[in-house]
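A.B. asks: Quick one: this structure, given as structure tokens, is what I'll be asking you about.
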2 protein chains.
Amino acid sequence: MPRAGLSPAALVDVALEELDAGGGPLSIGAIAARAGVKPPSIYKHVAGLAELEALVGARIYDDLGHELEAATAGLERADAARAFLHAYRAFAVRHPERYRALPVHPLGHPLLEAAGERVLGIAARAVDGLSGDDAIHALRALRAAAHGFATLEAAGGFGLATDVDASFDRLVDRLVAP
Amino acid sequence: MPRAGLSPAALVDVALEELDAGGGPLSIGAIAARAGVKPPSIYKHVAGLAELEALVGARIYDDLGHELEAATAGLERADAARAFLHAYRAFAVRHPERYRALPVHPLGHPLLEAAGERVLGIAARAVDGLSGDDAIHALRALRAAAHGFATLEAAGGFGLATDVDASFDRLVDRLVAP
DNA sequence: CAGCGATGGCTAATGCGATTAGCCTGAGCG
DNA sequence: CGCTCAGGCTAATCGCATTAGCCATCGCTG
């Protein structure tokens, strides 16, 4: 039995392929098959499905964070907020399965906390300049709108033909209006 | 073996109790136990867990629809939109487990379509008066914001102490601004 | 009132997915 | 060359959903 060259990170790669291939939620069996290995072997690298899901979530948050970072770099205030929102939605549209696999509430989970906080930090920077509670309110509005739109779109929730980009632009305009 | 007086509707009642009691996703075993019956007996009333989940979703959409209906009755335009948003969020806050159990995309599922469309129809009435695409854009913004905020809040996603009501009011103001 | 079919319980069995136990091999190091 | 052990594997266990097949009860009917 040749070694398969697995590792936690490699398994996350495989799991992402599996996610992208559709077919619903992750399963040990499906990941093992895609990795060319029998299910029990997975446990030599991760503690179980829950841990693997968490690692996958962390990876996705990381990727999302990098894109948000790149999109908002050097921008401030309304510009940063706009860029954040567009990059956030773009990620969800480009990777709907991955977006759906993200836990809504990463904070509090040891494996997800870091990546989740990074994303939140980028959002926080986009509402910089506002003082105290105003920043909190703006941040929450940003998160709610971004997450709500992304979720609905990633779930195929916008049935009509009307241009979804335009709808999003309108929403963004509302949110970042002076 | 005395009869337990079950029916699809009664099972939905039981499932809602189970949901409200926390403890994660529905399971046939838990529902059977709460109904005072062995698991296989459930299948005399519903086709399986998937159907029961759909019936539960339909019931929740129905309840939500009634509350939205009541809250928006007789109102128009911005007033209706405000009332819709507040009632929507209030439902999610009052029944976080139920809100989490709602499928994001009810349309297309035979058992959920009707109730889902009713809710959507109420939202549509709240953006009445806008013409064509404008109404669609406004409707999508309403859904995205309401769903995003409700989801985050029902998931315990707003950690800070800052008043969440105030955050929501700000968001609503942004959305229904003239 | 006995008889009867449908209804709605139950127990036992199946199947699938996650997980665990325990074996075995071969790669890398002394 | 031989040892160790990481990393495969097979076989077994467990927890659920689901199915098969049995039987009591209910409501009706002759």
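The values are calculated or read from the model by the stated rules, or taken from the named source; none is laboratory data. No experiment lies behind these values; they were computed from the predicted model shown. All Cβ positions, glycine included, derive from the backbone under ideal geometry; neighbour counts span all protein chains shown. Just so you know, the surface numbers come from the protein's heavy atoms only, side chains and all, with ligands and any DNA or RNA stripped out. Shrake-Rupley method; radii C 1.70, N 1.55, O 1.52, S 1.80 Å.
A.B. asks: Tell me, which residue of segment A:19-50 that is modelled with pLDDT under 95 and open to solvent by 30 Å² or more (accessible area, probe 1.4 Å) is farthest from DNA strand D (Cβ to nearest atom)?
C.D. replies: Keep residues of segment A:19-50 that are modelled with pLDDT under 95, which gives A:22-24.
Next, from what is left, pick out any that are open to solvent by 30 Å² or more (accessible area, probe 1.4 Å): A:23-24.
On the way: A:23: 18, A:24: 14 Å.
Top of the filtered list is A:23.
A.B. asks: Output the number of the condition that residue B:119 fails; it satisfies all remaining conditions of (1) at the interface with chain A (Cβ under 7 Å from one of its Cβ atoms); (2) modelled with pLDDT of 95 or more.
C.D. replies: (1)
A.B. asks: Something else about it: Checking residue B:162 against (1) within 19 Å of the chain's Cα centre (by Cα); (2) at the interface with another protein chain (Cβ under 9 Å from one of its Cβ atoms), only one condition comes out false. Which one?
C.D. replies: It fails just one condition, (1).
A.B. asks: Please enumerate the residues belonging to segment A:152-178 that are assigned to a helix (DSSP H, G or I), open to solvent by less than 20 Å² (accessible area, probe 1.4 Å) and under 13 Å from residue B:105 (Cα atoms).
C.D. replies: A:152, A:154 - these are the residues of segment A:152-178 that are assigned to a helix (DSSP H, G or I), open to solvent by less than 20 Å² (accessible area, probe 1.4 Å) and under 13 Å from residue B:105 (Cα atoms).
A.B. asks: Another question, then. Considering every residue within segment B:99-109, establish whether at least one is in a helix (DSSP H, G or I), in contact (Cβ under 8 Å) with a residue 12 or more places away in the chain and under 24 Å from residue A:117 (Cα atoms). Break it down into steps so the answer makes sense when it comes.
C.D. replies: Of all residues in segment B:99-109, those in a helix (DSSP H, G or I) come to B:99-101.
Now drop any that are not in contact (Cβ under 8 Å) with a residue 12 or more places away in the chain, which leaves B:99-101.
Now restrict to residues that are under 24 Å from residue A:117 (Cα atoms): B:100.
Yes.
A.B. asks: Which of the residues spanning segment B:122-141 are free of Cβ contacts under 8 Å to residues at least 12 places away in the same chain, facing chain A (nearest Cβ under 7 Å) and among the hydrophobic types (A, V, I, L, M, F, W, C)?
C.D. replies: B:136
A.B. asks: While we're here: Sort out which residues of segment A:54-68 are open to solvent by 40 Å² or more (accessible area, probe 1.4 Å) and touching a helix residue (DSSP H, G or I) at 6+ places or on another chain (Cβ under 6 Å), and write them in order of number.
C.D. replies: Answer for segment A:54-68, where residues must be open to solvent by 40 Å² or more (accessible area, probe 1.4 Å) and touching a helix residue (DSSP H, G or I) at 6+ places or on another chain (Cβ under 6 Å): A:55, A:59, A:62, A:67.
A.B. asks: Within the group A:154, A:114, A:144, A:150, which residue is of a type in the set (Gly, Ala, Ser) and free of Cβ contacts under 8 Å to residues at least 40 places away in the same chain?
C.D. replies: From the options A:154, A:114, A:144, A:150, the qualifying one is A:144.
A.B. asks: Quick check: is even one residue across segment A:143-153 facing another protein chain (nearest Cβ under 7 Å) and at pLDDT below 95?
C.D. replies: No: segment A:143-153 contains no residue that is facing another protein chain (nearest Cβ under 7 Å) and at pLDDT below 95.
A.B. asks: For the list (1) within 11 Å of DNA strand C (Cβ to nearest atom); (2) in contact with a Lys or Arg (Cβ under 7 Å, 6 or more places away or on another chain), I need the number of the one condition that residue A:50 fails.
C.D. replies: With respect to (1) within 11 Å of DNA strand C (Cβ to nearest atom); (2) in contact with a Lys or Arg (Cβ under 7 Å, 6 or more places away or on another chain), residue A:50 is out only on (2).
A.B. asks: Looking at (1) crowded, with 17+ Cβ neighbours inside 10 Å; (2) away from chain A (no Cβ under 14 Å); (3) within 23 Å of residue A:153 (Cα to Cα), find the lone condition where residue B:110 falls short.
C.D. replies: (1)
A.B. asks: Okay, next question. Consider segment A:9-46. How many of its residues are in contact (Cβ under 8 Å) with a residue 12 or more places away in the chain, of a type outside the set (Gly, Ala, Ser), part of a helix (DSSP H, G or I) and within 14 Å of DNA strand C (Cβ to nearest atom)?
C.D. replies: 8
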